[in-house]
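Structure record follows, encoded as structure tokens.
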Amino acid sequence: MAQHKILGIDPGSRNTGYAILVEENHSFRAVECDVIRAAHLEDQTERLRHIYEAVTKLIQKHKPEFCAVETPVYGVDPLAMLKLGRAQAAALLAISNQNLAVAEYYPKAIKKAVTGNGNASKKQVAFMLDKLISIPGDPLASDASDALAVAWCHFSSIRQPAQAKSEKLYHQNNRKSSWKVFVEDNPDRVKK
């Protein structure tokens with residue numbers, strides 16, 4: 001029986017990544033990771049409806065107990081940021097209409113939860129996700145990988161207090177940060 005089931009969403013007006021992360025007996029498995037594709041729809045309102053309906057179906061199918069969504073913080077193109085915010089709103093509304101609470105996380109918090117470094121690259125995040133979580137099938141699309149990172153971030157925030165405290169101490173101990181140090185200090189978080 002799953003101890004936790006989390007839906008993570010990386011919103012986008014053309015591609016919205018999603019992932020269902022399940023924790024069972026202290027191991028983690030991605031049940032489903034994919035992308036809601038809306039680029040084929042010309043009208044922005046049709047794209048938003050498509051995202052809303054797809055997220056609603058995911059919740060009804062998987063019945064997650066938690067939902068988490070990435071919150072965009074900046075962008076070069078104001079129009080692109082507006083479209084991204086609308087896609088996020090469509091996902092948030094779908095979650096809310098299914099009577100689930102939702103947590104929002106900034107990109108730096110997500111990267112830090114997965115890698116220990118808020119400035120990690122997408123490649124580093126994907127590498128750590130592959131070590132932390134059993135991921136079925138082919139390599140994930142970038143948006144799906146980002147959504148899985150959002151779900152992991154939320155899991156990290158709801159951990160038992162003792163685990164959260166030890167993680168906090170890890171970040172405060174001023175050791176030089178590296179992948180090798182992280183893996184040595186967190187053997188229970190690395191999939192073999």
key: Qualifying residue in segment 84-93 (condition: modelled with pLDDT of 95 or more and under 18 Å from K5 (Cβ atoms))   = yes
ask   = Do we find that Q3 is polar (S, T, N, Q) and at pLDDT 95 or above in this structure?
value = no
ask   = Considering only residues of segment 40-64 that are surrounded by 14 or more Cβ atoms within 10 Å (Cβ to Cβ) and touching a strand residue (DSSP E or B) at 6+ places or on another chain (Cβ under 8 Å), which is nearest to L7 (Cα to Cα)?
value = P64
Any chance K108 is at pLDDT 95 or above and either among the acidic types (D, E) or out of contact with any helix residue (DSSP H, G or I) (no Cβ under 6 Å at 6 or more places or on another chain) (or both) = no
note = Log entry, pairs with first residue in segment 94-105 being modelled with pLDDT of 95 or more, second being of a type in the set (D, E, K, R), beta carbons closer than 7 Å, six or more apart or on different chains, reads Y105/E70
key: Every residue from segment 43-79 that is in a helix (DSSP H, G or I) and among the β-branched types (V, I, T)   = T45, I51, V55, T56, I59
task = Determine the pairs where a residue that is small (G, A, S), located within segment 12-23, has a partner that is in a strand (DSSP E or B) with Cβ atoms under 6 Å apart, the partner being 6 or more residues away or on another chain.
result = G17/D10; G17/V35; A19/G8; A19/A30; A19/C33
inquiry  = Looking only at segment 6-31, count every residue that is modelled with pLDDT under 95, acidic (D, E) and touching a strand residue (DSSP E or B) at 6+ places or on another chain (Cβ under 7 Å) and tell me the total.
reply    = 1
query = Does any residue of segment 63-75 turn out to be of a type in the set (D, E) and more than 22 Å from S142 (Cβ to Cβ)?
reply = yes
inquiry  = Name the residue that is nearest to the chain's Cα centre (by Cα), counting only residues in segment 1-29 that are crowded, with 19+ Cβ neighbours inside 10 Å and in a loop (DSSP other than H, G, I, E, B).
reply    = P11
request  = Just give me the residues in segment 13-37 being touching a Leu at 6+ places or on another chain (Cβ under 8 Å) and under 11 Å from A90 (Cβ atoms), in sequence order.
outcome  = S13
remark   = Among E70, E32, the single one that is crowded, with 19+ Cβ neighbours inside 10 Å, under 15 Å from A144 (Cβ atoms), touching a helix residue (DSSP H, G or I) at 6+ places or on another chain (Cβ under 8 Å) and in contact (Cβ under 8 Å) with a residue 12 or more places away in the chain is E70
message = If a residue must be closer than 15 Å to E104 by Cα and either of a type in the set (V, I, T) or more than 19 Å from the chain's Cα centre (by Cα) (or both), how many such residues does segment 61-89 contain?
response = 3
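The values are calculated or read from the model by the stated rules, or taken from the named source; none is laboratory data. Because the structure is predicted, anything quoted here is derived from the model rather than measured. We place every Cβ from the backbone using ideal geometry, glycine too, and count neighbours over all the protein chains shown.
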